[in-house]
Amino acid sequence: MRKKVISTLLATSMVLGLTACGGGSSDNGSSNAGSSSAGSSSASSASSSSEQSDGEASADLSKYVSSTDEGKVINIWCWNDEFRTRVEKVYDQVESTSEDGTVTKLKDGTEIHWTVNPNQDGVYQQKLDEALLKQADAAADDKIDMFLSETDYVTKYTDADADVAIPLDALGIDPNSDLADQYPFTKTVASDASGVQRGSTWQACPCLFVYRRDIAKDVFGTDDPDEIHAKVADWATMKASGEELKAKGYFTLASYADTFRAYGNSISKPWVESGSTEINVDQKIMEWINDSKEWLDAGLFDKNIKGQWNDDWNKAMGSKSKVFGFLMPAWGIDFVIKPNWDGKEGSWGACDGPLSFNWGGSFVHGCAGTDNAQHIKDIIMAVTGNKDNLITITKEYLDFTNTQSGMKEIAEDASFKADFLGGENPYKYFQPAADSIQMTTLSSYDQGCVELIQNSFSDYFQGKVDLDKAKANFEKAIKERYPDITAVNWPE
Amino acid sequence: MKKKKSITRAKWGYLFILPFFLCYFIFSFIPLLDTIRYSFYEYYRSGLKIVGPNFVGLKNYAGILGPDLFRYMGNTFILWILGFIPQIVIALVLAAWFSDSRLKIHGEGFFKVVIYLPNLIMASAFAMLFFTMFSTSGPINNLLMDFGIIKKKIDFMGSVGGTRTLICIMNFLMWFGNTSIMLMAAIMGISPDLFEAASIDGCNPLQAFFRITLPMIRPILSYTLIVSLIGGLQMFDVPQIFTNGQGNPDRTSYTLIMWLNNFLKAPDYGRAGALSVYLFIVSGILCFFVYQMMKDDDQDGSKKAAKKQKKLAKQLAKNA
Amino acid sequence: MKKENKIGNGVRGVVAHIVLIILSFMCLFFFYILIINATRSHADLQKGFSALPGNSLIKNFKAVANDGTFPMVRGILNSLIVSSLCAAICTYFSSLTAYGLYVYDFKLRKAAFTFIMAILVMPTQVTALGFLRLITNMGMYDSLLPLIVPSIASPAVFYFMHSYLQSSLPISLVEAARIDGSKEFQTFNRIVLPIMKPAIAVQAIFTFVGSWNNYFVPALVIQSKNKMTVPILIATLRGADYMNFDMGKIYMMISVAILPIILVYLFLSRYIIAGVTLGGVKE
């Protein structure tokens, strides 16, 4: 309820901010959490030096901004148009976006310039890192003001020593009150080692078991989500059901990569502990390796499908495929399964999988050296900290958004239906799944570890190499990727 | 008299080759020195932290020099030679056919144009097409199944042989046209009189090919060999895209430059530098052999210089 | 005897035609697939391969043409600029260097020749790191210049030109020109270059193609969207995002990207064949 008041306040303040801007007012921003959104939005006047009169926060902020005068260009670095479309949808200062999607004009004349580089092969990070290292020497309008990161490598940028992502409280956002409605694990993920939150996301990505209703009926005689959940309640049950599916010529899941996140999210220690240069392969990962081998040999995976994001995997989501289901977050249903599905709408269903885990998520950061601190704050609040806006995003793009109360409302909203899932409301399952997610074991080496362990063991699963050889290949690959890694420790 | 003249004109010689050497010095030589220098340092980036440069002597070299270096060198060589042999054989045969006046090939112009076409597609796009074609649920498997040639889908990319063969086929397709054109040119440079004389002496086309054509085009064959060898040593795009940078299964299609690329991406300037120096040494050794070959050819060539002038005149007349 | 040969030739002719047809089929097959795929929508492509064209040609083309994140027209223009300039300066300066080493006698002549032959085999990638640092220090990072200027020093093209000169330029011709009062530089431009036309044509197209398809160096050097060349754009699009991938669009983009170069090739192909033929008389 309190959140609602704040968001209404925020909404009003934005209008106020606009008028204030037009009138050239130099209202002071306030670092006080509760009313910060109202106060500081009005301070977005370009000519004012309001930041200096701020309290503690601005003292902090001065370390991170190159100029307290708001610049005319906001450079945002990202890897696709996902964030842009969300900003256009809910940030009420947006006037228009150029047809080619490279420049968004704001009402106060400021322009957002979008720099898009592909995520694949680490190109995005490579280019971003180069640019961040040159940030100090770049011209004011070329400096990065905001950038995005993914869960797999968010830690690299929120690192306190690197200090490239501005702490939210320096921007005038108090994570404890302003972002109280966000899922706690998303806040943990975006915080540095000492708990200072340096980024914020508009989505949480709990995964469900998304299955083909026709196959469910054929094998189990029902396509009811709760009954199907009973068939996949845990790995052992799922394996037993897999034998039933196999008897009828179906595969339970597409490939070993599809289960990786479920195991990988519940590791007990980070891949690399802070300060260490050794990789610890968790017992959970070994379980994944053993189970995957077992499942593949048992014929529960389609052995023609090697990993994800390839042609064979995409085709496994088509109507001719024999694959029963996928473990997918909300974005996976809408952006991966849906475009690849060529059958009738409503052929898929969703239910809880064997366990709750998170897959994906894009974090928004203010970039040290910016000259648009005010806009950054406004954008972060509008896209990630405003319940109404988040609900709008959910309704528009089917993202599972980062608002606990909002998601609860949608989960309980009987009128909310996903046609693609046969009229089911998947949020009924997403919402509790998100509540139980814990993510405490991140390290800045995660992306390489996650990617390379899957690649290296792919050969092992297919019987090309033995376990020791696969381990050796992983060690080789990880040391190539991260020169500072000195050893890889395998569990007994 | 002649010598005197040359001396006065020496400055022109220097002047004419100046742009080449200046450009080479700036864009290749300085970077090369830089690369060599950092090969002695520990210098890399981990996340956003830059480590080094700290002088570590030969540590990077020691780290690189292991069974893996020779393994990847072996992979590179295998991938090159398996592509090069069919390429040179087919190119020789085609060149012989195209330049054989007794053999009337219909649509000769068409074929000559078409064989070079694959060279126009960029390697990465070509690899991507191949990947789609030969994936387990791809059209090649479907076609083979439909015609009943195979009963079970073949996992081309899952086997060492399959992956290597496909990479070699790609390299072959991309380069055989180029090589054919080169060799054709060389064969056309051989005096027709030689073939006529051989024919009168009762030589069949096969004998003529081995006794006359091959020895006569040896220089251009070695040129082709060198160019192909350089290309082979630098093999990167095709296996990189085709195996998604992994060189799988078990790194059997992992080439030297793919390895270098991994260090460049890290980025680890130290180890990338050390590997570059090794590559440079390998190139140097290859270059030495090649240079020996060239020298022989040159001597051979100078003797026949006069003859060639005549042939050229003829050729020009024909083309005009 | 003669008859036997004739029969032999007949059989050879048949074999030759069969082999040529198979090879041409293999060569053209990929272009065919590419074009067919470019006419199909992502959903069609998902269903599997088809030998018949789909009906999304215009849709895919529009998707390629209107995407500001991947400015295709701009990319083709950049590639045309880079490739043409590369081809031009590479062939000109290689000819100049070859001529300098062929016609003039000077102390370092032999050393210079040996040096160029030595660097002929050096992979570009070896110097990539230093090259990038150098470019950055010179302020040429993210500009098209570092893609063009270094092609002045192309050992392989030089070697070809040198061989060509050996076989086709009698020194007497140069001396005759000198007697006529032609200046050294003038001799090269007015007399030697025209003689080298066929060799230049061949190397121009080879360089053009090489530069057009070059991915390694541009990927290192180019950052901003409006300076990207075609191969980086395609790689960028391919890797762009699984969330809005559209294979139809990617195939269309590749098709659009190779169209200009095929046109250039078809236009120059007659010179290539004639040119190599002449260049081949070098040994």
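Values computed for the structure shown
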{"quantity": "Mean shadow area of region A:314-392, taken as a quarter of the surface of its Cα convex hull (nm²)", "calculated": "8.0"}
{"quantity": "Listed residue (C:Phe25, C:Val15, C:Gln46) projecting farthest to the positive dipole end of region C:2-59, Cβ model", "calculated": "C:Val15"}
{"quantity": "For residues of C:17-26, the mean tally of beta carbons on other chains within 10 Å", "calculated": "5"}
{"quantity": "Qualifying GluC sites (Glu not before Pro) for region A:58-131 [loop in DSSP, other Cβ within 10 Å: at most 11]", "calculated": "A:Glu99"}
{"quantity": "At 0.890 mPa s and 25 °C, Stokes D of region C:2-59 from Kirkwood alpha-carbon radius, µm² per second", "calculated": "174"}
{"quantity": "Kirkwood-based shape ratio for region B:14-78, expressed as Rg/Rh from alpha carbons", "calculated": "1.16"}
{"quantity": "11 Å beta-carbon shell around C:Ala63, net charge (K/R +1, D/E -1)", "calculated": "+1"}
{"quantity": "Antiparallel bridges, percent of DSSP beta bridges restricted to the protein assembly as shown (to nearest 5)", "calculated": "70"}
{"quantity": "Region B:4-125 pair-distance distribution - Cα-Cα, 10 Å bins, rounded %", "calculated": "9, 16, 19, 23, 22, 10, 2"}
{"quantity": "Rounded to whole Hz, the Karplus (6.51, -1.76, 1.60) HN-Hα couplings of region C:30-45, x for glycine and proline", "calculated": "5, 5, 4, 4, 4, 5, 4, 4, 5, 9, 10, 7, 4, 5, 4, 5"}
{"quantity": "Volume per residue that the Cα convex hull of the protein assembly as shown spans, once the total is divided by residue count, Å³", "calculated": "183"}
{"quantity": "Over 27 Å (Cα to Cα) - which of A:Lys315/B:Lys152; A:Lys231/A:Lys269; A:Lys293/A:Lys479; A:Lys303/B:Lys151 fall in this group", "calculated": "A:Lys231/A:Lys269"}
{"quantity": "Mean projected area (nm²) of the alpha-carbon convex hull when region B:73-245 is viewed from all directions", "calculated": "12.2"}
{"quantity": "At 1.567 mPa s and 4 °C, Stokes D of region C:59-202 from Kirkwood alpha-carbon radius, µm² per second", "calculated": "72"}
{"quantity": "Dimensionless Rg ratio for chain C, taking C-alpha atoms and the 2.2 N^0.38 Å reference", "calculated": "1.26"}
{"quantity": "Net dipole in debye of chain A [+1 Lys, Arg Cβ; -1 Asp, Glu Cβ; about Cα centre; nearest 20]", "calculated": "1060"}
{"quantity": "Those aspartates and glutamates that a straight Cα-Cα span of less than 19 Å connects to A:Lys107, excepting residues fewer than 8 apart in one chain", "calculated": "A:Asp27, A:Asp69, A:Glu70, A:Glu88, A:Asp92, A:Glu95, A:Glu99, A:Asp141, A:Asp145, A:Asp371, A:Asp378"}
{"quantity": "Chain B: DSSP helices with Cα axial extent of at least 20 Å and average Kyte-Doolittle hydropathy no lower than -1.0", "calculated": "B:2-24, B:67-99, B:160-188, B:218-233, B:269-303"}
{"quantity": "Viscosity 1.002 mPa s, temperature 20 °C, Stokes-Einstein D of region A:55-124 from Kirkwood C-alpha radius, µm²/s", "calculated": "155"}
{"quantity": "For chain A, the Rg and Dmax computed from alpha carbons only, in angstrom", "calculated": "23.5, 73"}
{"quantity": "Of A:Lys344/C:Lys225; A:Lys156/A:Lys284; A:Lys469/C:Lys47; A:Lys377/B:Lys265; A:Lys134/A:Lys377, pairs whose Cα-Cα distance is over 31 Å", "calculated": "A:Lys344/C:Lys225; A:Lys469/C:Lys47; A:Lys377/B:Lys265"}
{"quantity": "Cα long-axis angle, helix C:155-168 against chain C (0 to 90 degrees, to the nearest 10)", "calculated": "50"}
{"quantity": "Nonlocal amide H pairs with A:Trp348, under 5 Å, H built at 1.01 Å", "calculated": "A:Arg213, A:Gly422"}
{"quantity": "Cα-based convex hull, region A:65-166, per residue volume (Å³, whole number)", "calculated": "114"}
{"quantity": "Region B:161-204: mean projected area of Cα convex hull, nm²", "calculated": "4.6"}
{"quantity": "Kirkwood hydrodynamic radius of region C:98-179, Cα pairs, Å", "calculated": "15.2"}
{"quantity": "10 Å Cβ neighbours from other chains, averaged over peptide B:227-240", "calculated": "3"}
{"quantity": "Nearest 10 degrees, 0 to 90: helix C:128-137 Cα axis against chain C principal axis", "calculated": "90"}
{"quantity": "Bins of 10 Å from zero: percent of alpha-carbon pairs in region C:7-104", "calculated": "12, 19, 21, 21, 19, 7, 1"}
{"quantity": "Crossing angle, helix C:193-213 versus chain C [Cα axis fit, 0-90 degrees, rounded to tens]", "calculated": "30"}
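Where a number appears in this text, it was derived from the coordinates with a stated rule and is not lab data. The structure displayed is predicted, hence computed values, not measured ones. As a convention, Cβ positions derive from the backbone with ideal geometry for all residues, glycine included, and neighbour counts pool all protein chains shown.
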